[in-house]
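Quick notes on the structure that follows.
The values are calculated or read from the model by the stated rules, or taken from the named source; none is laboratory data. If you're wondering where the values come from, they're calculated on a predicted model, not measured in any experiment. For neighbour counting, all protein chains shown are included, and Cβ atoms are generated from backbone atoms with ideal geometry for every residue, glycine included.
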Amino acid sequence: MPVLLRISILLLMTVLATGCASSLIQGERPGPEPLNRVSAELAEDQLLDVWIELFDAGELPQDDEEAMGLSMDIREAESRFIPVYLRDTMEKTGFWGAVRVVPQSTEGAEVTVRGKILASDGESLVLEITALDATGRRWFVRTYESRVPEGAYRLAVAPGGEEVFDSLYNTIANDLSRYRTSLGDPEVRNIRQVAELRFAADLAPSAFSEYLRRGDDGRFELLRLPAVDDPMYRRVQRIRERDFLLVDTLNGHYNNFYREMEMPYDEWREARVAEVAALRRVKREATTRKVLGFAAIAGAIAIGAMGNRQSRVRTSTLRDVMVLGGAYAIKTGFDKDSETTIHRDAIEELGASFASESRPLVVEVEGETHELTGSAEVQYAKWRELLRTIHASETGFVGVVD
């Protein structure tokens, strides 16, 4: 058998094998990670409050194919959606006190969870999670990754049902609870005291910064505690309770956003995963047809070169059929390529139709109504300024110093 014909046959077999293998390579949904729960209710003084900051939206993929249908509007929405679901997951464990979602760089938390979205396209989710406590001790920095198959969204119960990446959230919550259980009672007590004094020092640094010392490593050391009957400290504690109420109000805002986002977000992810899968199939079919066409033409050339003139006459019909068939396969391959544009445009439209909004928050302080506008971070910054105003009006002491 001529070398050219043998190569054509081998190439044809390779293409067919690759096509079959490609259809089997699918992202499989990992086995469910069960959520660890407390076996017995913890004492109230052993429950640490957790503040989950709004996530860093990260960056979109540089590759145009990977970034199809994605946008920073969607990422910004996800940076609010993901912390809420993680909060709800952590609350189910029973290991924590109040678990709240807060703007970034919020002072006064006992345990802070920060996240960054490294990748999120409906098919895969990659998060970088950092956990630390009020003393500045970093519990861990870990990357969590999960991938789901095309049919995962059809199997999920929505709305209000299981999130397709539920196992990933359970893993994060389990890692946090495992670290919490490794802490002794004195450590928990120290974390709570440092958190209170860090809030007080943020509100009135001149009065309370001397109770803490921050080392070169960023860790906070408790030097001493205010007197139990210290009137200024008691006022700060009351203001802190008001701060908790505002954070709870913000969480109501995040909850509303989550509920409004849940259904369109699931629909967008399901549609995008389906479109991406269709795009891959079309591209694979296009490549297969073109290679088969070239292989058929190469085989026809090899047949034409076989034997003497008489044998070439006998094989001319076969050769012509192979050439025409190969040309047709190449043409249909390029036709398939044009279909990828349709799917690509559909993905882009899905991304463009999905966006988030920031709504103003109205609060009442000392009988006066204040409207906090802008992003959640800006709204909360304005609220902290109001708290400082309350503190100054009640004590006559201006605690903020440059």
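May I ask you to verify whether residue 67 is surrounded by fewer than 21 Cβ atoms within 10 Å (Cβ to Cβ), among the aliphatic types (A, V, I, L, M) and either at pLDDT below 90 or over 11 Å from the mean Cα position of the chain (by Cα) (or both)?
Against the criterion (surrounded by fewer than 21 Cβ atoms within 10 Å (Cβ to Cβ), among the aliphatic types (A, V, I, L, M) and either at pLDDT below 90 or over 11 Å from the mean Cα position of the chain (by Cα) (or both)), residue 67 qualifies.
Quick check on the range 87-133: of everything there that is among the polar types (S, T, N, Q) and touching a helix residue (DSSP H, G or I) at 6+ places or on another chain (Cβ under 7 Å), which residue is nearest to residue 55 (Cα to Cα)?
Per the stated criteria, the residue is 104.
Of all residues being in a strand (DSSP E or B) and of a type outside the set (A, V, I, L, M) in the range 34-76, which is nearest to residue 183 (Cα to Cα)? Just the residue, please.
Out of the qualifying residues, it is 49.
Among the listed residues 141, 157, 148, identify the single one that is surrounded by fewer than 21 Cβ atoms within 10 Å (Cβ to Cβ), closer than 19 Å to residue 262 by Cα and either β-branched (Val, Ile, Thr) or modelled with pLDDT of 90 or more (or both). Give the derivation first.
Working: 141 fails: closer than 19 Å to residue 262 by Cα; 148 fails: surrounded by fewer than 21 Cβ atoms within 10 Å (Cβ to Cβ).
It is 157.
If you scan the range 49-73, which residues turn out to be within 23 Å of residue 251 (Cα to Cα), in contact (Cβ under 8 Å) with a residue 24 or more places away in the chain, out of contact with any Phe, Trp or Tyr (no Cβ under 6 Å at 6 or more places or on another chain) and of a type outside the set (D, E, K, R)?
Listed by number, the residues that qualify are 51, 52, 54, 55, 57, 58.
Against the definition (in a helix (DSSP H, G or I), without any contact (Cβ under 8 Å) to a residue 40 or more places away in the chain and acidic (Asp, Glu)), how does residue 196 come out, yes or no? It would help to see each step written out before you state the result.
Numbers: in a helix (DSSP H, G or I): yes; without any contact (Cβ under 8 Å) to a residue 40 or more places away in the chain: no; acidic (Asp, Glu): yes.
So residue 196 does not fit the description; no.
Within the range 102-134, can you find the residues that are within 23 Å of residue 200 (Cβ to Cβ), part of a strand (DSSP E or B) and among the aliphatic types (A, V, I, L, M)?
102, 111, 113, 132
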